[in-house]
Number of protein chains: 2
Amino acid sequence: MWRSTITNSLNKLNQALSNSLIAHPHKSPRNFIRGFSLNYSDMSDNKGSKPKSGGGKKKEVKKETGLGLTHKKDDNFGEWYSEVCVSGEMIEYYDISGCYILRPWAMSIWETMQSFFDPEIKKLNIKNCYFPLFVSPGVLEKEKDHIEGFAPEVAWVTKSGKSDLEVPIAIRPTSETVMYPYYSKWIRGHRDLPLRLNQWCNVVRWEFSNPTPFIRSREFLWQEGHTAFATKEEADTEVLEILELYRRIYEEYLAIPVIKGKKSENEKFAGGLYTTSVEAFIPNTGRGVQGATSHCLGQNFAKMFDITFENEKGEKGMVWQNSWAYSTRTIGVMVMVHGDDKGLVLPPKVASVQIVVIPVPFKDADTKGIYDACLNTVETLKEAGYRAEADLRDNYSPGWKYSDWELKGVPLRIEIGPRDLANKQVRTVRRDNGAKVDVPMSQLVDKLKETLDDIQQNLFNVAKEKRDACIKVVKTWEEFVEALGQKKMILAPWCDEEEVERDVKARTKGEMGAAKSLCSPFDQPELPEGTLCFASGKPAKKWTYWGRSY
Amino acid sequence: MWRSTITNSLNKLNQALSNSLIAHPHKSPRNFIRGFSLNYSDMSDNKGSKPKSGGGKKKEVKKETGLGLTHKKDDNFGEWYSEVCVSGEMIEYYDISGCYILRPWAMSIWETMQSFFDPEIKKLNIKNCYFPLFVSPGVLEKEKDHIEGFAPEVAWVTKSGKSDLEVPIAIRPTSETVMYPYYSKWIRGHRDLPLRLNQWCNVVRWEFSNPTPFIRSREFLWQEGHTAFATKEEADTEVLEILELYRRIYEEYLAIPVIKGKKSENEKFAGGLYTTSVEAFIPNTGRGVQGATSHCLGQNFAKMFDITFENEKGEKGMVWQNSWAYSTRTIGVMVMVHGDDKGLVLPPKVASVQIVVIPVPFKDADTKGIYDACLNTVETLKEAGYRAEADLRDNYSPGWKYSDWELKGVPLRIEIGPRDLANKQVRTVRRDNGAKVDVPMSQLVDKLKETLDDIQQNLFNVAKEKRDACIKVVKTWEEFVEALGQKKMILAPWCDEEEVERDVKARTKGEMGAAKSLCSPFDQPELPEGTLCFASGKPAKKWTYWGRSY
């Protein structure tokens, strides 16, 4: 009975929300959304328009937008994404365009990924270090292809205080040229190899194309690994070991299916030998997104920076190098793939709150008993190793809280009301599919383990189904163009010629952006002899994924 | 017998080292030391002079400097410090003056401190976030006192690629002005308080006075906490809670005694209400060093950035704010305090290798048995939770290895030779005091726990004794000047007037730098009525530490 009453009020609440009649005392999405426009300058001075809270006072109702999202994922993906990042408290727009504030709700996800990846690379005997943020121009420009790739995006410091610097100093867009002069110094003999270093840091790429939270920002956080080996075989092996860790971050932690493969010559890392990547796909926009990259740099940088060693026989050799990185972009891909019209959907493995416990008091029921049960439940869950929190705020209704935690994407909600108390049970509600199950208190810990595991798996499965439904195998240019129009991730036989990829780009240029190769998957379907390239009609050498991308 | 032979060879080796006759294939201190001069420009191109290793080939001997340090701590502290940082592989000098590379040996110490501090602040419900590196000039200059303090050191980005930016953008020297516009936005009602955020990041202060590794560098790593409360009491409490964590970092982890106290008005944080700090002291140079600071900002920034809230009664209030930070400077203080003429001395709690196990093969002894015993010992120690490593390099003598690990400051060395094997024991040698003890294998784990604990405690005790011996209580200006000449940390009764501190600075200006107040210790000795200020002769209000400082 009390449950159906709650459900009724919830329905009413939702209606009210969509009519924007109920205040959200903690945030004013409309106010934030102003920041989404291209002119962010109005964000830094918000004194005049700053609304104040008072637990949802009536006179403020009109100023505020409701708790729900104003944009729908399928209708206007770009606005939906910005809104869910901001309203879900992952991101705050900053007064410098293309820079974003990572709020604790996002930062904790980054930290969870770090706490997986960092020990894994330490097991491989890779050590952490920290190189400076600044690069001198002479060093930055040493490797021609490399600097060509990055030069337009480099930010330059030219002044300190009121004085001009003698020489402008660059901010690292990546640290190959920062580090390798010292690799040259440190590496003398074969016993100094392998040299395997990593750093967690910020980098700056002053891009002018559409900035997007997490996905394309002018400053971002990442790890960058830089290693040197005596042989190509060792370098090749590491490239794949690291790529596998990146796959695990996406598939095991973020519940996002990715494709492992090799980048084309056009798309590889500037100055490197070859680039491998994990590629994700965003069905709503029909765009691929490069998830993380593991590059074999070959001996190109070693030549430029004179990184040589003496082998066992006293002969001089040149090292083989790799570099590899994943960034806060991972978080953006997660938001895009799993989020829905109610807000964020966080996979349990990375959610900083996995379970929220909400009291559902009712008329004359034993309110104190309910609150105590909530606190005890949280305690039990924390002891069992879950990240759980009770929401005992007394100025919000249960329904309001449900919506609030749905917006923030918490994987599982527990409701405790009078009947639950009487029956020694709790009601669980899943964020991913809305399924409601009553769980006896006595089975809580075991049952919730199952449920969270199932949510994690289900998020992956659903994402994979959607992604797979977007994959289209084509063999001709006409099929390719049609599939591109349908926002597909296109698998096509290709002659693997740079000129042909440039041609594909030129022929597909348009408002939506040109198509390019995403990767040639390691897992290659059979390529019957005589298969022709979809674009050039020459003999095909491999299957390659194509599409628009971020 | 074999032991005395080893000792003999070791003595010979040490002699040889000091005569620079034996090559160190891994490094060439002389080559590095070039970098210590004011002109670092020659560091980026070292092709011509790069020596190659070959396990210590004779023909290279003359090119190389020995393994020992060329400078002594008591004779030339500055050069000794630079050399021990570089030869101990903590730091590499970088081709931009004032920037340094933190090598894994230093980075691991930073990470150990993080792994203490980060969970501690999370227990206080402080959450991690990440704000941008860049600040727009309008925001940076909002708080007048604050920007006056930092303006001369701010680095400005004025170009991206080849284009000039419309408005120059500053790089954060600290993040008060970066963060607080958003605190204004996020804080509406009393329920949004306290807001307690922290970030781990890099900051840039383009100082022109003597750069020194760790201690004074143009970019450094730190954590910065920024919190807002409804009441001053809460803010005051947190200031001290955080300061206590800083004390624990120094005393419990780095084994360095510090004094907790309050900064003078002249020395407090620019724009803040009051500053507390932990102050360390370097006996060799007679300089105090501000170890870490915990500031109460009062309501000054809240006023400037309009950070207000509505309380329970619907009244408007202004928040009380704190900010607090410790940086990689901590590592420099540790090197300065504990290092000796053999190299670094690392406290066990922060050493990334706590115990190094070195085989001491001898003539016809069972070499394989000895090597196996080393590996087994390391395994046993690792299982017991120690950070242990075996040094089985076959191209170095045991004596060479002893010196190498002493240079790197590893707290405890285990030697295993034929007699140890026969007696089922190992020999342990302490880095801090050189004490040698034979330990039965059966008691290894327990005994080593005792030993490492004792090393940790002994390092602290010795440092405290030396520091205490430098403290001089004075009451008159004459005594003060004399004590300053003797490089003391001076405790003097003070009238607590800003003008008087400026006067002390002016009167002590000289080649060594002026004296200033370090802190007024919380632990105040009795101040008998009628005690006069050492500098002004006015009635003294408190005891304050004075001295030169970093």
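Some values worked out for this structure:
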read-out	value
Solvent-free Debye scattering, log10 I(q)/I(0), computed from the Cα coordinates of chain A at q = 0.06, 0.12, 0.13 Å⁻¹	-0.36, -1.22, -1.34
10 Å Cβ neighbours from other chains, averaged over peptide A:178-184	4
Cβ crowding within 10 Å averaged over residues, with B:345-351, B:216-222, B:515-521, B:313-319 ranked highest first	B:345-351, B:515-521, B:216-222, B:313-319
Over 15 Å [Cα-Cα, the stretch A:322-404], rounded percent	68
Within straight-line cross-link reach of residue B:162, aspartates and glutamates at Cα separation under 13 Å, skipping those fewer than 8 residues along the same chain	A:148, A:153, A:207
Protection proxy ranking, peptides B:67-78, B:149-160, A:328-339, average beta carbon neighbours within 10 Å, highest first	A:328-339, B:149-160, B:67-78
7 Å along Cα→Cβ, label-point gaps from residue A:315 to other copies, nm, shortest first	8.5
Rounded Å value of the spacing that divides the Cα centres of the stretch A:157-220 and the stretch B:342-404	36
Of B:342/B:449; A:447/B:127; B:122/B:262; B:260/B:466; A:342/A:472, those spanning more than 23 Å from alpha-carbon to alpha-carbon	B:342/B:449; A:447/B:127; B:122/B:262; A:342/A:472
Mean Kyte hydropathy of -0.5 or more with a Cα span along the axis of at least 27 Å, helices from DSSP in chain A	A:104-123
Hz values of 3J(HN,Hα) by residue in the stretch B:212-220 - Karplus curve (6.51, -1.76, 1.60), Gly and Pro given as x	9, x, 6, 7, 8, 10, 6, 10, 9
Summed residue charge, Cβ within 10 Å of residue A:543's Cβ, Lys/Arg positive, Asp/Glu negative	0
Relative contact order [Cα under 8 Å, 6+ residues apart], the stretch B:236-388, whole percent	17
Chain A, helix-only ellipticity at 222 nm - DSSP H runs n ≥ 4, -39,500 (n - 2.57), divided by all residues, nearest 500	-10500 deg cm²/dmol
Shielding by other protein chains, A:214-220, mean Cβ within 10 Å	2
Surrounding net charge for residue A:292, when Lys and Arg each add one and Asp and Glu each subtract one, Cβ distance under 10 Å	+1
Computed label-point distance, nm, for sites residue A:384 and residue A:123 using a 7 Å Cα→Cβ extension	2.7
For residue B:144, inter-copy label distances in nm, listed shortest first [label point 7 Å out on the Cα-Cβ vector]	5.7
When the convex hull of its Cα atoms is projected in every direction, mean area for the stretch A:474-547 (nm²)	4.5
Descending semi-axes in whole angstrom, ellipsoid equivalent of the protein assembly as shown, from the Cα gyration tensor	49, 41, 30
Average other protein chain Cβ within 10 Å of Cβ, residues B:154-166	6
Listed pairs B:72/B:408; A:487/A:516; A:401/A:436; B:144/B:268; B:263/B:349 exceeding 19 Å between Cα atoms	B:263/B:349
For the stretch A:103-117, residues shielded by at least 20 square angstrom of accessible area compared with the chain on its own, probe 1.4 Å	A:103, A:104, A:107, A:111
Along each principal axis, Cα extent of the stretch B:355-467, largest first, Å	49, 29, 21
Cβ-vector label at 7 Å, residue B:514, separations to other copies in nm	6.3
Interchain or long-range residues, amide H under 5 Å from residue B:426's placed H	B:439, B:441
Formal net charge of residues neighbouring residue A:358 (Cβ-Cβ distance under 9 Å; K, R +1; D, E -1)	0
Per-peptide average of other Cβ atoms within 10 Å, ordering A:481-492, B:424-435 highest first	A:481-492, B:424-435
Per residue value of the accessible surface for the stretch A:355-467 (all protein chains in place, 1.4 Å probe), Å²	46
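The values are calculated or read from the model by the stated rules, or taken from the named source; none is laboratory data. What you see is a predicted model, and the numbers here were worked out from it, not measured in a lab. Positions of Cβ are generated from backbone atoms using ideal geometry, with glycine treated the same way; all protein chains shown enter the neighbour counts. Quick note on the areas: whole protein, heavy atoms, side chains included, nothing else; ligands and nucleic acids left out. Shrake-Rupley method; radii C 1.70, N 1.55, O 1.52, S 1.80 Å.
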